[in-house]
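J.: Below is one structure. I have some questions about it.
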Amino acid sequence: MSWGSELWDQFDNLEKHTQWGIEFVEKYTKFVKERSEIETSYAKQIRNLSKKYQPKKNSREEDESKYTFCRAFVTSLNELNDYAGQHEVIAENLTSQIISELSRYLQELKSERKLHFHDGRKAQQHIESSWKQLEAYKRRFERDCKEADRAQQYFERMDADINVTKADVEKARQHAQSRHQMASDSKSDYSSYLQKFNQEQNEHYFNVIPNIFQKLQDMEEKRIDRIGVCMKTFADVDRQVLPIVGKCLDGMTKAAESIEPKTDSKQVVESYKSGFEPPGDVEFEDYGQAMKRTASDTSLTSSREAKEKPVGKSKGKLWPFIKNKNKSPKQHKEPLSHRLNDFITSKPKMHCLRSLRRGLSLKLITLNSHVRNLIEGSGPEDFSHLPPEQRRKKLQGKIDELNKDIQKEMDQRDALTKMKDVYVKNPQMGDPASVDPRLSEIAQNIEKLQFDSQKFEGWLAEVEERMPSKSDTNRRSGLYETQNNLTVSNNSTVSNNCAQDRESPDGSYTEEQNPETQVKANINPVLPTSSTPEFDDEFDDDETLPTIGTCKALYPFEGHNEGTIAVAEGELLYVIEEDKGDGWTRVRRNEDEEGYVPSSYVEVFLETNAKGAMTYI
């Protein structure tokens, strides 16, 4: 149906209807705008939520990233962040594809409607003006007709009156004729304008108004169609991001499915494994053995036993549960006289007593180093304060980090070298000498990094050599079973005690101390030579150790602790005692100057016959 033919007389109603259509477009635009604001606000809140729970740059979060469920959570946060980005895309598309388009269309719609109704009002005013003109012609014709009738009646009355003069009658007749002429002219004008008005009215209601209303109808249909397109776009904007949203949700699902409880439980072992061996059986301490000894064995025995009466009984704790985990399980300490008796009767076991003295000296050297680190307030560079397994991981991580830095520096060096070659071939591009300072700096950095890497590799090799294997565990278990056997002879008991005093679960040499001595050693650490007066007095007359090989210093060692010796890089020294598993090698520079150096700092060349001679059983 056409508005022009059906609604030719509903100009005012059509004006109201089209105005309501414009208001509806404005309302829908406002609706989409608020939806866009909601999407923007929602995306912002989702991004803030994802950012709030993202891992921070600290060691705690780095440790957590080792677990699959933590990595899955981080992946879910990243997917959630991408999900928020899709809501931002929705808001942007709503703004660009609907809000902007409707705002521009509203301006065009209002202008078009205003133009059409202006033409309609103009046509309406024209037909109304013609109607008024027609009414004026009609009223004038009516007035002239009445005037002509009155003039005719007056003439007839004057003509019938015998008392009126002929001149008056002639005047009345002429007046009546003029009035009839005026009425005839008015009639002619009225008839002519009436015909014109009918033509204009026909044109108005069958051509002008229908054309204007048809344009309004087309405008309204376009408006409705545009609203439909916008509503479809409103849905398509959401539909366009659904694949990416689905991928985000699939990523979250995949992250959740990647969680492996078994792997996480193994990671707990990797993170907290100390590398220590479980403690063996506690040795049976035969306090009745002292009563079986007779005074005839040695006079020194009775005098020492009289002086060394126990003041109290205390049970030694197992080493993993002691506060200082570097301590070894406490062993029963026999009087020195007993060991001297065994030493006298069993000469080939001198290496046990020498190892005992060596272990105590090296232990105090290590203690001094630890105390110095505690006083300075920083952990040791070689991570020696950590358990073996954790120390190995830290050293390996440090080596990997240094290797990455070395590779980075080498890449920079190669790039600068190529740049220098280009400058040499094309001097106009730059001065080759300008690259030399940077190349020198990079060379120094590489040299320093390689030195640090070799240092840490030495410490790593030391740790890996000292970490106990399954065979060591079996051997130690057998050793504890031998100690628990009460029928073992005194000589084998002393030999086992020497081995226990020398070896501890962390691979270092240890010696039992009473509580008072331990407190003094922790507060005021003393030097190895001054802390063992008993051993120094007993063994000052030891013969000079023979040379078993040579060594070359790989790195400089300052040797601050007493008992150590300072060496320079590349210096050649004589080896008089090889590493017993504690990380120290005893060397000699000349007849009067000898001491311990870290085994990782030297390259040892042992003589073939010396290796066999220095092998301990």
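J.: Calculate the radius of gyration of the Cα atoms of segment 1-62 to one decimal place, then report Dmax, the largest Cα-Cα distance, as a whole number, both in Å.
T.: Cα only, segment 1-62: 26.2, 83 Å (Rg, Dmax).
J.: Further question on the same structure: Structure shown: which of LYS57/LYS418; LYS44/LYS266; LYS122/LYS187; LYS394/LYS552; LYS247/LYS398 lie over 32 Å apart, alpha-carbon to alpha-carbon?
T.: Those over the limit are LYS57/LYS418; LYS44/LYS266; LYS247/LYS398.
J.: For LEU194, what is the net charge nearby, where nearby means another residue's Cβ is under 14 Å from its Cβ and Lys, Arg count +1, Asp, Glu -1?
T.: So the surrounding residues net to +2.
J.: What number comes out for accessible area per residue over segment 120-244 if the probe is 1.4 Å? Units Å², please.
T.: 67
J.: Which whole-percent values make up P(r) of segment 64-198 when all C-alpha to C-alpha distances are grouped in 10 Å steps starting at zero?
T.: 10, 15, 12, 10, 9, 8, 7, 6, 6, 5, 4, 3, 2, 1, 0
J.: On to the next question. Please work out how much length the chain gains when fully extended from GLU170 to GLU260, using 0.36 nm per residue of separation minus the C-alpha to C-alpha distance, in nm with one decimal.
T.: 19.0 nm
J.: Could you report the accessible area of TRP20 in Å², rounded to 10, computed with a 1.4 Å probe on the protein chains as they sit in the structure?
T.: Looks like 140 Å² after rounding.
J.: How large is the accessible surface of TRP3 in square angstrom, using a 1.4 angstrom probe and rounding to the nearest 10?
T.: Its heavy atoms expose roughly 40 Å² to the probe.
J.: Here's something else I'd like to know. Mind pulling the per residue volume of the convex hull built on the Cα atoms of segment 180-224? Å³ is fine.
T.: Convex hull of Cα atoms, per residue: 41 Å³.
J.: Given a 1.4 Å probe and heavy atoms of the protein chains only, how would you sort VAL229, VAL89, largest accessible area at the top?
T.: These residues rank, largest area first, as VAL229, VAL89.
J.: As a quick test, which of the pairs LYS30/LYS51; LYS425/LYS448; LYS262/LYS393; LYS16/LYS110; LYS66/LYS393; LYS27/LYS110 have an alpha carbon distance above 25 angstrom in this structure?
T.: Cα-Cα > 25 Å for LYS30/LYS51; LYS425/LYS448; rest within.
J.: Could you sort TYR83, TYR205 by accessible area so the largest value comes first, with the probe set to 1.4 Å?
T.: TYR205, TYR83
J.: What FRET efficiency would be calculated for the residue pair ASP161, ASP9, taking the C-beta separation as r and a Förster radius of 51 Å, to the nearest 0.05?
T.: My answer for the efficiency is 0.35.
J.: Using label points projected 7 Å from each Cα along Cα→Cβ, tell me how many nm separate ILE565 and THR68, to one decimal.
T.: With each label point 7 Å from Cα toward Cβ, the separation is 5.6 nm.
J.: If you don't mind, another one. Treat segment 389-473 as a sphere of radius equal to its Kirkwood radius over Cα pairs and apply Stokes-Einstein at 20 °C in a medium of 1.002 mPa s; give the translational diffusion coefficient in µm²/s, rounded to a whole number.
T.: The calculation lands on 140 µm²/s.
J.: Counting only protein heavy atoms and using a 1.4 Å probe, what share of the accessible area of segment 1-131 belongs to carbon plus sulfur, as a whole percent?
T.: Carbon and sulfur: 53 percent of the exposed surface of segment 1-131.
J.: For ASP82 and LYS232, what is the calculated FRET efficiency with R₀ set at 25 Å and r taken between the beta-carbons, to the nearest 0.05?
T.: Once rounded, the FRET efficiency stands at 0.40.
J.: Can you sort ASP149, ASP189 by solvent-accessible area, 1.4 Å probe, largest first?
T.: ASP149, ASP189
The values are calculated or read from the model by the stated rules, or taken from the named source; none is laboratory data. None of the values given here were measured: they were computed from a predicted structure. Using ideal geometry, Cβ is built from the backbone for each residue, glycine included, and neighbour counts are taken over all protein chains shown. These accessible areas exclude ligands, DNA and RNA; they are computed on the full protein's heavy atoms, side chains included. Shrake-Rupley method; radii C 1.70, N 1.55, O 1.52, S 1.80 Å.
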